[in-house]
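The values are calculated or read from the model by the stated rules, or taken from the named source; none is laboratory data. Since the structure is predicted, the reported quantities are computational estimates derived from the model, not experimental observations. Cβ placement follows ideal geometry from the backbone for every residue including glycine, while neighbour counts extend to all protein chains displayed. These area figures cover heavy atoms from the full protein model, side chains too; ligands, DNA and RNA do not enter into them. Shrake-Rupley method; radii C 1.70, N 1.55, O 1.52, S 1.80 Å.
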Amino acid sequence: MLSGLSLAQVALLLAGGVLLDLLLGEARRWHPLVGFGNLAMRIERALNRGNARFVRGALAWTLAVLPLAALGALLCHGAGLAAHAFLLYFCLGFRSLRDHNLPIAQALESGDLAQARLLTARIVSRDTAGASEADLAKASAESLLENGNDAVFGTLFWFVVAGGAGALLFRLANTLDAMWGYKSTRYLAFGWAAARIDDVLNYLPARLTALSYVLLADHRRAAWECWRAQAPGWPSPNAGPVMASGAGALGLALGGSATYDGVAEQRPALGRGRAAQAGDIARAWKLVRATAALWLGVAAAAALIMGAFHA
């Protein structure tokens with residue numbers, strides 16, 4: 001491993017990071033990713049102008065990500081396991097997925113559509129003002145499935161590869177993709193580098209996440225078939241496998257129509273089965289939670305096997 005950690009240390013730190021995240025959640029004040037987002041906005045405003053936007057975007061990504069990733073590597077080298085654990089905790093968004101999505105289900109189940117719309121608007125970019133219960137349940141389930149990879153499993157993957165610095169690099173790159181990776185007039189050229197780098201970093205984690213969703217599926221065959229048939233038609237090369245397999249795993253028909261900035265868009269179909277309902281938000285969360293347990297279990301088993309082999 002590039003981080004210099006043993007497999008046993010990696011397994012313990014993975015479990016410790018997830019446990020810390022579940023116990024403490026995201027920082028209420030001075031969250032590092034919020035601060036990074038503010039820094040990224042300043043860099044974008046300074047560089048996203050004039051000619052050579054592709055080059056400027058690549059430079060902006062370099063200035064935003066690499067110095068902080070290098071600082072994380074130096075911190076891990078100097079402070080050891082404590083720094084690795086600290087960075088992993090701050091890079092994970094496991095509990096926040098639960099805390100942001102389960103209240104939507106609760107609002108829908110209690111008949112409070114206005115509150116459900118407000119809560120859903122905080123986690124998705126689509127319009128929610130006129131959304132129905134099915135629309136909101138679909139949006140939340142899709143967010144859980146996709147962000148299970150982006151906020152949890154991609155981070156865990158890169159932690160295994162490169163320790164705390166790897167987790168930090170991935171999360172910063174993923175954050176920039178979320179901020180700059182749009183095919184709009186403003187970001188099409190400038191955000192190209194951020195989008196493509198995230199595609200590369202997410203390629204293996206996304207497919208491992210999709211495979212995990214298949215293995216843990218209520219409808220395993222459907223999850224596999226939806227992944228293979230539907231993922232190529234989704235705009236994102238990494239979100240496609242994750243969301244298609246997850247929708248198939250839950251036996252839900254996701255994707256389809258959604259409204260952005262007042263304009264209805266018809267997206268490719270995801271999964272198959274019935275429309276999402278309030279209770280399916282909890283089912284999507286349980287799939288993400290089970291996947292996290294699977295990954296931690298595999299890491300622990302690998303550490304035990306390697307320990308026995310070298311004993």
Checklist entry - Does R95 meet the test of being in contact (Cβ under 8 Å) with a residue 40 or more places away in the chain, of a type in the set (D, E, K, R), open to solvent by less than 70 Å² (accessible area, probe 1.4 Å) and in a helix (DSSP H, G or I)? => result yes
Next on the checklist: Considering only segment 2-11, I want to know if a residue exists there that is farther than 16 Å from L176 by Cβ, in contact (Cβ under 8 Å) with a residue 12 or more places away in the chain and open to solvent by 80 Å² or more (accessible area, probe 1.4 Å).
Outcome noted: yes
Checklist entry - Taking G240 and the conditions (1) under 18 Å from V124 (Cα atoms); (2) surrounded by fewer than 18 Cβ atoms within 10 Å (Cβ to Cβ); (3) modelled with pLDDT of 95 or more, which numbered condition does it fall short on, given that it satisfies the others? => result (2)
Checklist entry - Name the pairs whose Cβ atoms lie under 8 Å apart, with the first residue in segment 205-219 and at pLDDT 95 or above, the second open to solvent by 70 Å² or more (accessible area, probe 1.4 Å) and polar (S, T, N, Q), and 6 or more positions between them or separate chains? => result none
Checklist entry - So T128 fits all but one of (1) touching a residue at least 40 places away in the same chain (Cβ under 8 Å); (2) hydroxyl-bearing (S, T, Y); (3) open to solvent by 10 Å² or more (accessible area, probe 1.4 Å); (4) touching a Lys or Arg at 6+ places or on another chain (Cβ under 8 Å); what number is the exception? => result (1)
Checklist outcome for this item: Residue hits (segment 158-191; of a type in the set (F, W, Y), surrounded by fewer than 24 Cβ atoms within 10 Å (Cβ to Cβ) and within 12 Å of the chain's Cα centre (by Cα)) are none
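Per-residue answers, yes or no, for (1) assigned to a helix (DSSP H, G or I); (2) modelled with pLDDT of 90 or more; (3) farther than 25 Å from V10 by Cβ; (4) not basic (K, R):
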{"site": "R28", "(1), (2), (3), (4)": "no, no, yes, no"}
{"site": "G37", "(1), (2), (3), (4)": "yes, yes, yes, yes"}
{"site": "E44", "(1), (2), (3), (4)": "yes, yes, yes, yes"}
{"site": "L87", "(1), (2), (3), (4)": "yes, yes, no, yes"}
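Where residues in segment 131-157 are of a type outside the set (A, V, I, L, M, F, W, C) and closer than 17 Å to S257 by Cβ, which of them is most open to solvent (accessible area, probe 1.4 Å)?
Going residue by residue through segment 131-157, those that are of a type outside the set (A, V, I, L, M, F, W, C) are 132-133, 135, 138, 140, 142-143, 146-150, 154-155.
From what is left, the residues that are closer than 17 Å to S257 by Cβ are 132-133, 135, 138, 140, 142-143.
On the way: S132: 48, E133: 84, D135: 66, K138: 24, S140: 0, E142: 5, S143: 12 Å².
If we take residues in segment 131-157 being of a type outside the set (A, V, I, L, M, F, W, C) and closer than 17 Å to S257 by Cβ, then E133 is most open to solvent (accessible area, probe 1.4 Å).
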Next on the checklist: What are the pairs with Cβ atoms under 9 angstrom where one residue, in segment 41-52, is more than 18 Å from A173 (Cα to Cα) and the other, located anywhere, is in a helix (DSSP H, G or I)? Sequence gap at least six, or different chains.
Outcome noted: A46/A60; R49/R56; G50/R56
Checklist outcome for this item: When segment 13-26 is checked residue by residue, the ones that are outside any helix (DSSP H, G or I) and either among the β-branched types (V, I, T) or open to solvent by less than 60 Å² (accessible area, probe 1.4 Å) (or both) are G25
Next on the checklist: Restricting to segment 260-282, name every residue that is in contact (Cβ under 8 Å) with a residue 60 or more places away in the chain and under 18 Å from E146 (Cβ atoms).
Outcome noted: Y260, L270, A276, D280, I281, A282
Next on the checklist: I'm checking my understanding of the structure. Among residues of segment 274-290 that are outside any helix (DSSP H, G or I) and over 22 Å from P235 (Cα atoms), which one is nearest to the chain's Cα centre (by Cα)?
Outcome noted: Q277
